[in-house]
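To start, the structure itself, in structure tokens.
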Amino acid sequence: MAYITLNKNHFFNNLDIIANKTKTKDKIAVVLKDNAYGHGILEIASMAKEYGITKAVVRCIPEAKMIEEYFEYILVLADIPQEASQKVRYTINDINDIKKFPKNTKVELKVDSGMHRNGVSIEQLPQALESIKKNELILEALFTHHRSADELTSEWFWQNENFQKAKDIVKNLGYENIRFHSANSASTLRHSKIDEDMVRVGVAIYGCADSDILSGLGLKPVLSLWAERNSKRELKQEQRVGYGGIFESKEDVIVSNYDFGYADGFHRICSNNYTTPEGERLVGRISMDNSSFLSDKEKLLVFDDAAIIAKSAKTISYEVLTSLKSYIKKEII
Ligand SMILES: *Cc1c(COP(=O)(O)O)cnc(C)c1O
């Protein structure tokens, strides 16, 4: 079966780069949503804990439950609980949701500083704070998210200014001890120093550096995808391989078929248009459960940098990684 190896040295290297900005591990919250960007939520949680990380961010309650033992603080981005929890904090994404949270739930209020996706508007803040108080929720933090932190434009500065306005409003209304956070990976690594209370880092801990902001900082990809050979044959000159026969050999070559296909998360658009890090060319169409390469190896390193697959698939590393099915076995090396 195709399998994933996770490089612990690379993971720790990436956390070192982030800790160098935050100056303390306590400010780092690792983003483990969507099976830790396809890496395996339990594997990444256990390595993060070993490194000394105490905070994590997930999408939903089932993910929070899976990692509850590994962290002291967990932030759920989009889910509403049946009952309050000591450890788990919940995001308020919409002012009309406030009444749906059970009494005494620890909540964090998301403010829309310009992305216009989730969160209450700056104008709605006083009303949202009233409603939180009336519903007897425990407000711990105000946070926001950037829409263009990974692009070198003025957008990032403009959103930071908006968030500053939101912070001032909340502080002036008497919430002195509330925590603030806004930085994802790109934003964290753009700051010369982090003066907020927490950063929420995803793609950088996994070592994906597609963007200009994240390249050149020494981040190293954590995940490698390996496939195992199903069969091997000699393809004679002018013979074709796979569905539709879209690859025709110009000479006699060895072709092997490996057990990684589009059902496992290999983007079919890469068909006939990808070369592995060790130089094996993908030939013909990617099938549901397998794909063919000009190789006679028993084990094939399909990729060790999602950014390169992402280019061939005309997408971003995030999508390449989160497409990987959770049943693919993981091994920490
Ligand atoms: C996914 C997500 C992050 C992490 O973003 P990266 O670019 O992967 O660091 C941070 N905050 C929120 C709200 C997110 O949804």
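Could you tell me the relative contact order of the chain? Use alpha-carbon pairs under 8 Å, at least six residues apart, and round to a whole percent.
Reported relative contact order: 19 percent.
Take the chain, connect every pair of alpha-carbon atoms lying under 10 Å apart with a spring to form a Gaussian network, then pick out the residue of N272, N177, N118 with the largest mean-square fluctuation.
N177
Measure of size requested: the Rg and Dmax of the chain, with Cα atoms as the atom set and Å as the unit; please supply both.
22.8, 78
Place +1 on the Cβ of every Lys and Arg and -1 on the Cβ of every Asp and Glu in the stretch 8-201, take the dipole about the Cα centre, and give the residue among L77, A48, I98 whose Cα lies farthest towards its positive end.
Highest projection toward the positive end goes to A48.
Count neighbours as other Cβ atoms within 10 Å of each site's Cβ, and list the trypsin sites (Lys or Arg not before Pro) in the stretch 172-210 that are DSSP loop with at most 11 such neighbours.
Answer in residue order: K193.
Output wanted: per-residue J couplings in Hz (rounded whole) for the stretch 52-69, from phi through Karplus 6.51 cos²θ - 1.76 cosθ + 1.60, θ = phi - 60°, x for Gly and Pro.
Ordered by residue, 3J(HN,Hα) equals x, 7, 10, 10, 9, 10, 9, 8, 9, 5, x, 5, 4, 4, 4, 10, 3, 6 Hz.
If amide H atoms are built 1.01 Å from N in the plane of the peptide, which residues on other chains or at least 5 residues away come under 5 Å of the amide H of V76?
When sequence neighbours closer than 5 places are left aside, the close amide H contacts are V58, R89, Y90, T91.
Taking H placed 1.01 Å from N in the peptide plane, check which residues at least 5 places from F247 or on another chain put their amide H under 5 Å from its amide H.
Amide H to amide H, under 5 Å and 5 or more residues apart or across chains, F247 pairs with V241, G284, R285.
Cα gyration tensor of the stretch 8-201, axes a ≥ b ≥ c as square roots of the eigenvalues: rounded (a/c below 1.5), prolate (a/b > b/c) or oblate?
In terms of gyration-tensor shape, oblate.
Residue by residue, what Karplus-based ³J(HN,Hα) values in Hz, rounded to whole numbers, does the stretch 195-212 have, using 6.51, -1.76 and 1.60 with θ = phi - 60° and x for Gly and Pro?
9, 7, 7, 7, 10, 10, 10, x, 3, 5, 5, 8, x, 8, 10, 5, 8, 4
Assigning unit charges at the beta carbon (Lys, Arg +1; Asp, Glu -1) and nothing else, what dipole magnitude in debye, to the nearest 20, does the chain show about its Cα centre?
Charge dipole, the chain, about its Cα centre: 360 debye, nearest 20.
Check cross-link reach from K329 to the lysines: straight Cα distance under 17 Å, and skip same-chain residues fewer than eight apart.
The qualifying lysines are K8, K299.
Could you pull out every residue, at least 5 positions away or on a different chain, whose amide H is within less than 5 Å of the one on L139? Hs are placed 1.01 Å off N in the peptide plane, and Pro or chain starts have none.
Amide H neighbours of L139, under 5 Å, 5+ apart: V107.
If you average 1/r over all unlike Cα pairs in the stretch 191-333 and invert the result, what Kirkwood radius do you get in angstrom?
On the way: mean 1/r = 0.0606 Å⁻¹.
Over the stretch 191-333, the inverse of the mean reciprocal pair distance is 16.5 Å.
Output ³J(HN,Hα) for the stretch 253-265: one whole-Hz value per residue in order, computed from phi by the Karplus curve 6.51 cos²θ - 1.76 cosθ + 1.60 with θ = phi - 60°, and x for Gly and Pro.
9, 8, 10, 10, 10, 10, 8, 9, x, 5, 5, 8, x
Each value in this text was obtained by applying a stated rule to the coordinates, not by laboratory testing. This structure is a prediction, so every number in the text was calculated from the model and none was measured. FYI the Cβ positions are ideal-geometry reconstructions off the backbone, even for glycines, and counts take in every protein chain you see.
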